[in-house]
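Colleague: First, the structure itself, so that you have it in front of you.
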Amino acid sequence: MVLLFNCSLSSGVMEEFSRHMVDCGSGNGSDTALGLLSGDPKVGFVSGNCTGSVVSPVAFSDGDGGVEDVVRRGFVLNWIASNCSLCEATGGKCGFDYGSYHFKCFCPDRPHSARCHPEKKELWLKLGLGIGIPFLVALLLSIYVIWGRYKRKDAPSLSFGGKASADPSSRLDLECSSIVCFELPIFSYGELVEATNNFEDDKELGDGGFGTVYYGKLRDGREVAIKRLYQHNYRRLEQFMNEVEILTRLRHKNLVSLYGCTSRRSQELLLVYEYIRNGTVADHLHGDLVQSGSLTWPIRMNIAIETASALAYLHVSDIIHRDVKTNNILLDENFSVKVADFGISRLFPNDVTHISTAPQGTPGYVDPEYHQCYQLTGKSDVYSFGVVLVELISSMPAVDISRHRHEINLANFAINKIQKCAFDALIDPNLGYNSDAEVTRMTTAVAELAFRCLQQEKEMRPSMEEVLEVLQAIQSDGHRLSSVQEEEHIDNEIQRSVLPRPSPPTGDKIALLKNIRLPPSPVSVTDKWISRDTTPYATV
């Protein structure tokens with residue numbers, strides 16, 4: 001039974017509940033309490049107008065009548081008021097157990113001695129919150145600390161002329177592969193996004209093997225080429241690290257310079273190179289930069305020699321480029337060569353004859369023996385360079401589906417023409433072939449060298465070092481012949497200037513001369529005359 005006391009009810013309500021009124025004993029003054037069964041809906045109606053309540057078990061028997069009769073007769077109720085606060089705080093109602101004559105806290109599950117015990121679910125919830133909240137706070141704090149360290153590592157770049165960047169957080173990052181560790185200047189991802197205007201399409205320079213290359217301008221004013229990886233996965237990371245490792249261990253005037261990169265922990269993997277503004281050899285031969293007379297034969301000869309020099313240097317350094325092609329040969333404003341794109345290059349131990357690996361490269365340039373036998377050697381680069389030589393003398397692309405099906409591949413086309421000595425069908429006539437004897441001699445010699453490089457069996461091909469020597473000899477023979485002709489021309493001029501003028505003939509001599517029969521004028525000249533119209537190392 002619920003006993004409500006100190007109730008403030010209107011007279012009408014009091015009259016309605018009069019039969020539930022219980023007069024308290026003299027010990028409690030003249031106060032009255034309102035007695036209701038705990039399940040009676042009226043409890044909720046009046047409890048808000050009462051200051052206190054007590055729940056007490058009441059035994060009923062058939063002879064006692066209804067609740068009203070029990071309340072009307074009255075009964076003794078004892079409780080210890082000081083214990084109610086704890087009981088009510090735990091969701092219970094204060095009461096008294098007449099059996100034990102002790103205070104009881106009546107709870108939803110059963111009576112308890114002082115307070116209601118929490119349910120197991122509530123207990124586990126409190127334990128979870130007590131343990132989980134501190135753990136979550138510690139985890140978030142750890143993430144924040146790690147993120148802060150990462151941001152400090154991903155700082156703006158260093159200046160490369162020995163001067164430190166204006167940003168004090170710039171640093172050198174120790175990048176390591178499975179083979180060697182090397183220090184490399186690190187650029188922040190944000191700095192390179194800013195340099196390329198968020199990799200704007202207009203900034204795109206082309207594709208670079210395993211990534212797209214963009215033009216960028218750094219905060220210090222330097223122009224750079226930035227390679228952005230297509231995908232950030234293990235294979236791309238391997239190519240990224242491969243190119244970084246090769247370019248940081250090599251120094252050659254005809255190899256592109258690597259300025260730096262982003263950290264391997266960066267949002268994206270980016271490589272930063274020197275910017276070569278004059279495009280590629282492919283652009284000038286059969287691409288967007290084709291101009292009549294822009295690549296004269298002396299310039300092309302120099303391109304061949306400088307490219308061969310760079311590749312020979314790589315081979316001496318135990319590195320195979322594996323993707324030699326005119327698209328990977330850059331030209332500066334003076335048409336000097338910069339060989340680029342080392343993403344699929346391989347380190348080649350000097351104590352082995354070949355490396356067994358899946359063929360990689362560009363169609364039209366891949367060594368057929370490497371493609372068939374999966375054996376990579378330095379002669380694979382020689383074959384690819386042979387295709388480059390044919391492009392230089394013919395101005396044709398390595399693959400052209402508009403040609404006859406047996407001649408789509410430029411290497412096959414060149415071998416067929418060279419075997420038949422049909423050089424005029426292979427060599428670009430705009431170079432001066434057949435109109436300039438010296439160009440004819442040199443281009444024919446280069447074609448014959450390309451034929452050796454394009455042999456199907458690698459043992460039949462020369463080494464890259466031998467290729468370089470032959471090219472230098474072809475060029476030096478041309479210079480030597482030109483020098484000899486120049487010297488002969490000068491000597492003739494000197495002789496004309498120093499010989500004394502002949503004295504006029506006497507009368508007898510005049511008579512004799514008139515009687516001499518002069519030979520007829522020749523209809524042909526049998527002596528060779530070498531044209532010197534070409535200008536070596538012409539600057540365009």
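The values are calculated or read from the model by the stated rules, or taken from the named source; none is laboratory data. The structure presented is a predicted model; accordingly, all values stated were derived computationally and were not measured. Because the Cβ atoms are built from the backbone with ideal geometry, glycine has one as well, and the counts that use them run over all protein chains shown.
Colleague: If you take the residues in the range 204-229 that are over 16 Å from the mean Cα position of the chain (by Cα) and not in a strand (DSSP E or B), which one is surrounded by the most Cβ atoms within 10 Å (Cβ to Cβ)? Spell out how you get there, then give the answer.
Modeller: The first filter runs over the range 204-229 and keeps only residues over 16 Å from the mean Cα position of the chain (by Cα), leaving 217-223.
Checking which are not in a strand (DSSP E or B) leaves us with 218-222.
Values: LEU218: 20, ARG219: 13, ASP220: 13, GLY221: 6, ARG222: 17.
Ranking the candidates gives LEU218 first.
Colleague: Modelled with pLDDT of 85 or more and of a type in the set (Gly, Ala, Ser): which single residue out of SER356, SER345, SER336 fits that description?
Modeller: Checking each option against the conditions leaves just SER336.
Colleague: Can you pull out the residues in the range 438-490 that are among the polar types (S, T, N, Q) and modelled with pLDDT of 90 or more?
Modeller: Initially, the range 438-490 is screened for residues among the polar types (S, T, N, Q), giving 440, 443-444, 455-456, 463, 472, 475-476, 482-483, 485.
Hits for the range 438-490 are THR440, THR443, THR444, GLN455, GLN456, SER463, GLN472, GLN475.
Colleague: Take SER85 and tell me if it is exposed (fewer than 15 other Cβ atoms within 10 Å of the Cβ), part of a loop (DSSP other than H, G, I, E, B), at pLDDT below 80 and of a type in the set (Gly, Ala, Ser).
Modeller: no
Colleague: Just give me the residues in the range 387-439 being of a type in the set (Phe, Trp, Tyr) and surrounded by fewer than 16 Cβ atoms within 10 Å (Cβ to Cβ), in sequence order.
Modeller: Those that are of a type in the set (Phe, Trp, Tyr) and surrounded by fewer than 16 Cβ atoms within 10 Å (Cβ to Cβ): none in the range 387-439.
Colleague: List the number of the failed condition for LYS93; all other conditions in (1) among the charged types (D, E, K, R); (2) surrounded by 11 or more Cβ atoms within 10 Å (Cβ to Cβ); (3) at pLDDT below 75 hold.
Modeller: So LYS93 meets the others, but not (3).
Colleague: Only one of LEU247, LEU289, LEU258 is touching a helix residue (DSSP H, G or I) at 6+ places or on another chain (Cβ under 6 Å), outside the structural domain of PRO462 (by TED's automatic domain parsing) and of a type in the set (A, V, I, L, M, F, W, C). Can you tell me which?
Modeller: Numbers: LEU247 fails: touching a helix residue (DSSP H, G or I) at 6+ places or on another chain (Cβ under 6 Å); LEU289 fails: outside the structural domain of PRO462 (by TED's automatic domain parsing).
Being touching a helix residue (DSSP H, G or I) at 6+ places or on another chain (Cβ under 6 Å), outside the structural domain of PRO462 (by TED's automatic domain parsing) and of a type in the set (A, V, I, L, M, F, W, C) holds for just one of LEU247, LEU289, LEU258, which is LEU258.
Colleague: Follow-up question, since we're still on this one. Within the range 398-439, track down each residue that is part of a helix (DSSP H, G or I), of a type in the set (Val, Ile, Thr) and over 18 Å from PHE385 (Cα atoms).
Modeller: VAL439
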